[in-house]
Amino acid sequence: MELIDNQLNGLMLFRPPCFQDDRGYFMETFHIEKLKALGLNERFMQDNESMSDKGVLRGLHFQAPPYAQGKLIRVIQGAVLDVALDIRSSSPTYGQFKTFELSAENKHMLFLPPGFAHGFLSLQDQTIFSYKCTNVYHKASEGAILWNDPDLDIPWNIDQAIVSPKDQAAQLFRDFDSPFP
């Protein structure tokens, strides 16, 4: 396991070793001791998976304390433009975001600590997105920042995204009162 990027206060991008031959490939996607050696000391409580066609945009989602979630994410099939927005009010990178392309081809995995809003745009049909969470889902704790907030100006590079009504009604960042210190 290799840490290849951790530029935005707590985000960690990993490249797991992948062994390929004429039969296909083998990849270890989670090894607690190897991740601990790279600085990831989290206990994961729930795994989730979604499938999205090209143009589907999900996010920017978070869960507030005490049900805040860290997420270790990867793409099993297809590709996404992944966005992590720091919503921790005392963080030196508060209000900043970082984008990553995660794909079945590059096999990168991204860890977002609690206090990040997260979203992704599916770049291919039938993209399968998988993530491990450090806490269980709690509906009353969920929140969202508007994916196309003009103040954030996230470069989604899409004219017409397919977005749920709930995500279309998310709040603007300037109106957001962070529950994360």
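Laboratory data are not the source of any read-out in this text; all were calculated from the coordinates shown. Just so it is clear, the model here is predicted, and its values are computed rather than measured. Glycine gets a Cβ as well: all are built from the backbone with ideal geometry, and neighbour counts include every protein chain shown.
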Distribution of pairwise C-alpha distances over the chain, 10 Å bins, in %: 9, 38, 38, 12, 2, 0
Sequence order, segment 50-57: Karplus ³J(HN,Hα) from phi using 6.51 cos²θ - 1.76 cosθ + 1.60, θ = phi - 60°, Hz rounded, Gly and Pro as x, gives 9, 10, 9, 7, 4, x, 6, 10
Which peptide among 159-167, 120-128 comes first, and what is the full order, when sorted by highest mean count of other Cβ atoms within 10 Å? 120-128, 159-167
Enumerate the calculated ³J(HN,Hα) couplings along segment 155-163 in order (Karplus 6.51 cos²θ - 1.76 cosθ + 1.60, θ = phi - 60°), each rounded to whole Hz, writing x wherever the residue is Gly or Pro. x, 5, 6, 9, 7, 9, 8, 9, 10
Treat every Asp and Glu Cβ in the chain as -1 and every Lys and Arg Cβ as +1, leave all other atoms uncharged, and give the resulting dipole magnitude about the Cα centre to the nearest 20 debye. 480 debye
Do you know the relative contact order of segment 42-175, to the nearest whole percent, from alpha carbon pairs under 8 angstrom that are 6+ apart? 39 percent
I128 paired with D5, simple spin-label distance in nm, labels 7 Å along Cα-to-beta-carbon: 2.4 nm
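Show me 131-139, 52-60, 21-29 ranked by packing, highest mean number of other Cβ atoms within 10 Å first.
Details: 131-139: 16.2, 52-60: 19.9, 21-29: 9.0.
Top to bottom by mean Cβ count within 10 Å: 52-60, 131-139, 21-29.
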Gain in span if fully extended, W156 to D53, counting 0.36 nm per residue against the direct Cα distance: 35.5 nm
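What is segment 136-181 by shape, rounded, prolate or oblate, if you read a ≥ b ≥ c off the alpha carbon gyration tensor as root eigenvalues and call it rounded for a/c under 1.5, prolate for a/b larger than b/c, and oblate otherwise? Let's see the in-between values first.
On the way: a/c = 2.37, a/b = 1.40, b/c = 1.69.
Oblate.
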Overall Cα dimensions of segment 63-114, principal axis frame, Å, largest first: 36, 22, 11
